[in-house]
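Student: Below is the structure I would like to discuss, written out as structure tokens.
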Amino acid sequence: MSTNRIHKARERTGARLTGRQAEHLIHGLAIGYARGTMPFADDAERRAAWFQNRDYLLSLEGVERVPGVFGHTPLKPGRKPQAMLDCE
């Protein structure tokens with residue numbers, strides 16, 4: 001039985017991050033790399049996302065599970081996000 005579903009792309013509003021973007025800023029990697037897709041268009045977009053979301057990403061230290069972010073612990077206690085090391 002077929003359906004007539006219309007798939008809508010997720011829109012990002014303001015400084016919100018997708019799960020893959022947050023993962024990339026925290027760990028420096030994303031699952032989509034294997035498929036040839038990057039979470040950011042270029043390094044300038046990545047840097048801008050880091051500075052817009054810096055406080056939020058740093059607040060994830062030790063948080064057990066963040067929806068949409070792959071991995072057991074998004075940011076282990078005492079560890080800095082990869083984007084912080086790259087951008088600052």
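The values are calculated or read from the model by the stated rules, or taken from the named source; none is laboratory data. Predicted model only: the values in this text are computed from it and were never measured. For neighbour counting, all protein chains shown are included, and Cβ atoms are generated from backbone atoms with ideal geometry for every residue, glycine included.
Student: Which count do you get for residues in region 50-67 that are under 11 Å from L25 (Cα atoms) and modelled with pLDDT under 85? Before you say what the answer is, go through the steps one by one.
Tutor: Taking region 50-67 first, the residues under 11 Å from L25 (Cα atoms) are 50-51, 53-54, 57-58.
Restricting the remaining residues to those that are modelled with pLDDT under 85 gives none.
Residues in region 50-67 being under 11 Å from L25 (Cα atoms) and modelled with pLDDT under 85: 0 in total.
Residue by residue, here is whether (1) touching a His at 6+ places or on another chain (Cβ under 8 Å); (2) at pLDDT 85 or above; (3) buried (at least 16 other Cβ atoms within 10 Å of the Cβ) holds:
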residue: A22; (1), (2), (3): no, yes, yes
residue: F40; (1), (2), (3): yes, yes, yes
residue: A44; (1), (2), (3): no, yes, no
residue: A48; (1), (2), (3): no, yes, no
residue: V69; (1), (2), (3): no, no, yes
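Student: H7 is checked against (1) more than 17 Å from D86 (Cα to Cα); (2) surrounded by 14 or more Cβ atoms within 10 Å (Cβ to Cβ); (3) at pLDDT below 85 and fails just one. What number does that condition carry?
Tutor: (2)
Student: Still on this structure, please answer the following. Can you tell me which residue among T13, T18 is of a type in the set (V, I, T) and at pLDDT 80 or above?
Tutor: Just a single option satisfies the conditions, and that option is T18.
Student: Sticking with this one: Identify the residue in region 71-88 that is among the aliphatic types (A, V, I, L, M) and at pLDDT 80 or above and, among all such residues, is surrounded by the fewest Cβ atoms within 10 Å (Cβ to Cβ). Walk me through it before giving the result.
Tutor: Pass one, region 71-88, residues among the aliphatic types (A, V, I, L, M): 75, 83-85.
Pick out the ones that are also at pLDDT 80 or above and you get 83-85.
Details: A83: 23, M84: 15, L85: 9.
Among residues in region 71-88 that are among the aliphatic types (A, V, I, L, M) and at pLDDT 80 or above, the one surrounded by the fewest Cβ atoms within 10 Å (Cβ to Cβ) is L85.
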